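Novice: One structure is given below, represented as C-alpha cells, and several questions about it will come after.
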Amino acid sequence: MANDQLIKGGEFLLTEAQANRTFIPEEFDEEQRMIVQTCEDFLETEIYPNLDRIDKQEEGLMPGLVAKAGELGLLGISVPEEYNGFNQSFITNMRANEAMGAANSFSVAFMCHTGIGTLPILYYGNEEQKQKYVPQLASGELKAAYCLTEPGAGSDANSGTTRAVLSEDGKHYILNGQKMWITNGGFADVQTVFAKIDNDRVLSAFIVERAWNGVVINPEEKKMGIKGSSTTQIFYNDVKVPVENLLGKRGEGFRIALNILHIGRIKLGATVIGAAKSAINHSVKYANERKQFSQPISNFGAIQYKLAEQVIQTYVTESTVYRASKDVNDTIEAYKAEGMGYGEANIKGTAQFAIECALLKVLGSEALDYVVDEAVQVFGGMGYSAEGPVDKAYRDSRINRIFEGTNEINRLLIVDTVLKRSMKGEINLFEEAKKVVEALNDTVSHEFVIQNYFEEKRGYIKNFKDAVLMVLGVSSEHFKRKFDQEQEIWMNISDMIIQLYGCESTMLRVEKLEKMKEDSNEDGDGIESLNLNKLILNVNVYDAADRIYKAGADAINSFTTGKQQQLLLNALAKFTRVAPVNVKEARKSIALKLIDDNCYKF
C-alpha cells in the first residue's frame, strides 16, 4: 500500500473510516489458525495441567515451560527467519498473543520474553548483537527481561539513578544501580538495562548477562496475582558491561523504552482478549451447571445481563485490537517496501499509532477487569474460593491496569499525543474543532437522514467525534498554555476518545461482516449470527453515548458557567442523542446465544 493511502495514527478523530479497509477477526486465514491451534494445544498440554505448580513457583518450571514454547517456535513467531524465527506478520503475532493471554501467569512470562525482553535487541541491536542473542531468544535457550523501573522511578522513568561509567581502559561500562518489579527477573539470562552514562540527563540502554559478576538477583516478590510470574529486584554492583553491549546510541535509551512500550501496550490489548474469553467460558459453564430454585442460574435475567455484558465488552475490545493491528501492519509493510530496515520499520510503524496503542491498553485492561469481576459474581461463593478457576483470573487481571504504563498515564498520553500531533500539523484537529464550535448555534447541524442501519450508526459516530472535537477545542482554548496541568479534563477527553474508537471499530466489524455474509450467500444461521452482532453494536453505541456525554459534561462543567456552559451542554446532548434501544431484550438474546453454545462463539 502506498504511503499516501495509509491510515495515520489518530486520524480516526477527523475522518470517516471505511469497513472495506478494516481487518476483522473473521478474516484470519488457515495458516494463522494453525499457529493459534499450536498455541492452544501447548496451553492444554503444558500450562493448564500445571497452573498450581506454576503459581507455587516450582524451581525450574517456568523457565522450562518457556523453553518448551521455544521448541515449538512460539517465541519466534514475529522474528525474522535469519534469526531463527518464522517472520510472521504483526497481525498474526497479535492473534498468537491473544491465544496465549488465557495462560494466567505463564502469559506474563511469555509476553515479557517475546516482547519487551527480545524486541529491544531485535529492533535496536547492531548485527553482531542480534546474531549473538536473538536466535537463542527465539529458541528459548536464553530467556529475557527488561529492566527499567527503579524504586524512585516508575512512571517517570527518566528519573532513574542507575549509572554507567566508562572504565579507564575504555573497554567496559561499570554499571551500578537497582531495578525493581522485573518480570522474569529470577531466571532471565539476558537483560535490557536502562542507565545514565556519567552525568547524562537521559537514559542509555545496555545488554547485560545474568552470569556476569556483580549482577545480584533478589528473592521473588510476593504478589496479589500472577503469582507464578517471576518478579524480582536486581542489583548491579560494579558490573563490567563490554562497550559493544551498548544497545543503540548513547542517550537513546529513553526513546527505546518508550517505543518498546508502545508495542507492549497494543500487545496487552490482544492478550486480555484471550483472558476474557477464558473467563467468559468459565462463567457460562458454571451458570449452566449451577442450580438454584430448581433451575440453572443461567435462566435468570440478572445472570444473563452479566453474561451478555461480558460478551459485549470483549467483542468491542477484539474489534478495536484487530482494526488497529491492521493499520500498524500496513504501515510497517509500507516502510519495509521503501527499503527501511526491519527494526526501524516496526518501531516507526507502531509509534505512528501511539494514540491507538494507549487507548487499547486502557480499554482492554478495564474490559477484562469487568469480565473477571462478574465471573466471580456468577460463581458466587465458589468464585471467592481459591479452589475455583476464577479466583486466579480475578487476581491476575488486576496487574494489567498497571503494566505498560498505568491507565492514568496512558489516558494522559492519549490527549498529549493528539495535541502534539495537532500542533505539528500532522492531524488537522484545531481547525476541525473550530468548525464544530462555530456551528454550535446551527439548529440543523448534526441532524442526519437515516437511510439504512449503518448510515444511522455512522451518523451517531460522526456526532461522537464532533463531541470530542468540541470539548477538546474549547478546553484547549480556555486553558491555553496551562492546559497540560488539567489532568482531570484530559482524563475526561480520553474517556470520550476511547468510547468513540470502540464504537467505530465495532461498527466497522459488523458492517464488513454483513458484506462478507452477503457475498457468501450464508444460510439462516449466518444471518442469525449477524443479527446478534448488530445487537452487540446497538447496546455498545447506546451505552457509549451516555458515557461520552458524562465525560464531556464533567469536562465542560469544570471550567464554564452561565450561557457558555448551557450552550456547550446542549450541544453535547445533541451530539450524543441516539435512538432508544431495548437493551434488556438485546442482552437477553446475546446471553441466550452464549448459554446455548456453552462457550464464547461470537
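Novice: Return the residues of segment 285-344 that are polar (S, T, N, Q) and either outside any helix (DSSP H, G or I) or over 22 Å from VAL371 (Cα atoms) (or both); say none if nothing qualifies.
Specialist: GLN292, SER294, GLN295, SER325, ASN329, THR331
Novice: Okay, next question. Select, from PHE464, PHE454, the only residue that is of a type in the set (Phe, Trp, Tyr), part of a helix (DSSP H, G or I) and either surrounded by fewer than 18 Cβ atoms within 10 Å (Cβ to Cβ) or out of contact with any Phe, Trp or Tyr (no Cβ under 9 Å at 6 or more places or on another chain) (or both).
Specialist: PHE454
Novice: I've got another one for you. How many residues are over 25 Å from the mean Cα position of the chain (by Cα) and among the aromatic types (Phe, Trp, Tyr) when one looks only at segment 470-520?
Specialist: Going through segment 470-520 one residue at a time, the tally reaches 2.
Novice: Go through segment 551-581 and count every residue that is closer than 30 Å to LEU535 by Cα and not in a helix (DSSP H, G or I).
Specialist: The number of residues fulfilling the criteria is 6.
Novice: Evaluate segment 427-450: report whether one residue or more is touching a helix residue (DSSP H, G or I) at 6+ places or on another chain (Cβ under 7 Å), hydroxyl-bearing (Ser, Thr, Tyr) and outside the structural domain of MET224 (by TED's automatic domain parsing).
Specialist: No: zero hits.
Novice: Still on this model: Taking TYR236 as meeting all but one of (1) out of contact with any Phe, Trp or Tyr (no Cβ under 8 Å at 6 or more places or on another chain); (2) buried (at least 22 other Cβ atoms within 10 Å of the Cβ); (3) assigned to a loop (DSSP other than H, G, I, E, B), write down the number of the exception.
Specialist: The one condition TYR236 does not meet is (3).
Novice: Would you say GLN304 is surrounded by fewer than 24 Cβ atoms within 10 Å (Cβ to Cβ) and within 28 Å of the chain's Cα centre (by Cα)?
Specialist: So GLN304 fits the description; yes.
Novice: Here are GLY269, GLY274, GLY253: which of them is among the small types (Gly, Ala, Ser), closer than 30 Å to LEU175 by Cα and either out of contact with any helix residue (DSSP H, G or I) (no Cβ under 7 Å at 6 or more places or on another chain) or surrounded by 19 or more Cβ atoms within 10 Å (Cβ to Cβ) (or both)?
Specialist: GLY253
Novice: Here are some residues: ILE548, ILE590, ILE595. Which one is in contact with a Pro (Cβ under 9 Å, 6 or more places away or on another chain), under 30 Å from SER529 (Cα atoms) and surrounded by 14 or more Cβ atoms within 10 Å (Cβ to Cβ)?
Specialist: Being in contact with a Pro (Cβ under 9 Å, 6 or more places away or on another chain), under 30 Å from SER529 (Cα atoms) and surrounded by 14 or more Cβ atoms within 10 Å (Cβ to Cβ) holds for just one of ILE548, ILE590, ILE595, which is ILE595.
Novice: With respect to GLY228, is the statement that it is under 15 Å from GLN352 (Cα atoms) and either of a type in the set (Lys, Arg) or touching an Asp or Glu at 6+ places or on another chain (Cβ under 6 Å) (or both) true?
Specialist: no
Novice: Check LEU61 against each of (1) within 29 Å of ASP327 (Cβ to Cβ); (2) outside the structural domain of GLY228 (by TED's automatic domain parsing) and name the one condition it does not meet.
Specialist: (1)
Novice: I would also like to ask the following. For the structure I just gave you, tell me whether THR576 is modelled with pLDDT of 95 or more, over 30 Å from ALA279 (Cα atoms) and loosely packed, with under 15 Cβ neighbours inside 10 Å.
Specialist: no
The values are calculated or read from the model by the stated rules, or taken from the named source; none is laboratory data. No experiment lies behind these values; they were computed from the predicted model shown. Because the Cβ atoms are built from the backbone with ideal geometry, glycine has one as well, and the counts that use them run over all protein chains shown.
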